[in-house]
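Worksheet for the structure shown next.
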Amino acid sequence: MLRATALVAAVTVLPVTSALAQQPVVDVGATVRVSTGGRRAPLVGTVLALERDTLVLRQGRSPEPLRIPVKLVQRLQVRRGPSSRWPTILKHAGVGLVVGAAGGAVAGPFLMSASCTAWEKDTEKQTDCLDDLVDPGARGKAALLFGAAGTAVGAVVGAIVARERWNDVSPNGVELSVAPRRDWGVVLAASVSFD
């Protein structure tokens, strides 16, 4: 009965495993970021080979390749290059606009009012300062001025900052294989492949 079950399992599983083994994995030459359980920071390197159960990487200028067992890989990401320049500039400029306009609307009238920045303890200047703080026109001017400044600063930051894009590579399947043993037992093996 055990032999018949092993034979049925082998006949059922082997076509699936051969189909999974033919699927593309991570391309050789791709830059990847690998997270394993034993390291805090992910490893970044170039894929030299992806063997059945081992990922072979070259890290930087290291002459020795790094061999990582696939079973230790918790997360695998492929580098897709830097993010596009204009969307990054526009995103940072938008953040600068919002932060600058909000800051200008709140603190701008105080900072722009000559009455509020005077160090004198004159009651008349203090009254003028309070009037400036509640004046909607002063608040609007300050929001426009600080918003424009924030937009400019955000655009410059967006032009300088280039972020790398990384795409997660998810396992595309579990490869199962069954093989008979000489003592009438069965060997069952599993491995994970990535797309």
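The values are calculated or read from the model by the stated rules, or taken from the named source; none is laboratory data. Every value quoted in this text rests on a predicted model; they were computed, and no experiment measured them. Every residue, glycine among them, receives a Cβ derived from its backbone with ideal geometry; neighbour counts consider all protein chains shown.
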Among the residues of the range 135-172 satisfying the criterion of being small (Gly, Ala, Ser) and part of a loop (DSSP other than H, G, I, E, B), which is farthest from Lys71 (Cα to Cα)?
Ala162
Name the pairs whose Cβ atoms lie under 8 Å apart, with the first residue in the range 59-87 and of a type in the set (Ser, Thr, Tyr), the second in a strand (DSSP E or B), and 6 or more positions between them or separate chains?
Ser83/Glu164; Ser83/Arg165
Top-ranked residue of the range 55-91 - restricted to ones that are buried (at least 17 other Cβ atoms within 10 Å of the Cβ) and polar (S, T, N, Q), ranked as nearest to Ala152 (Cα to Cα):
Thr88
Report, ordered by the first and then the second residue, all pairs with beta carbons closer than 7 Å, sequence separation of six or more or different chains, a first member in the range 129-151 that is without any contact (Cβ under 8 Å) to a residue 24 or more places away in the chain, and a second member that is assigned to a helix (DSSP H, G or I).
Cys129/Ser115; Cys129/Cys116; Asp132/Pro109; Asp132/Ser115; Asp132/Cys116; Asp132/Ala138
Only listed residue being over 16 Å from the mean Cα position of the chain (by Cα) and among the hydrophobic types (A, V, I, L, M, F, W, C), chosen from Val78, Val47
Val47
In the range 171-192, is there at least one residue being modelled with pLDDT of 80 or more and not small (Gly, Ala, Ser)?
no
Go through (1) over 30 Å from Arg181 (Cβ atoms); (2) at pLDDT below 85 one by one and return the number of the condition Leu14 breaks.
(1)
For the range 24-99, which fully contained strands (runs of 3 or more DSSP E) count at least 3 residues that are of a type in the set (Lys, Arg)?
73-82
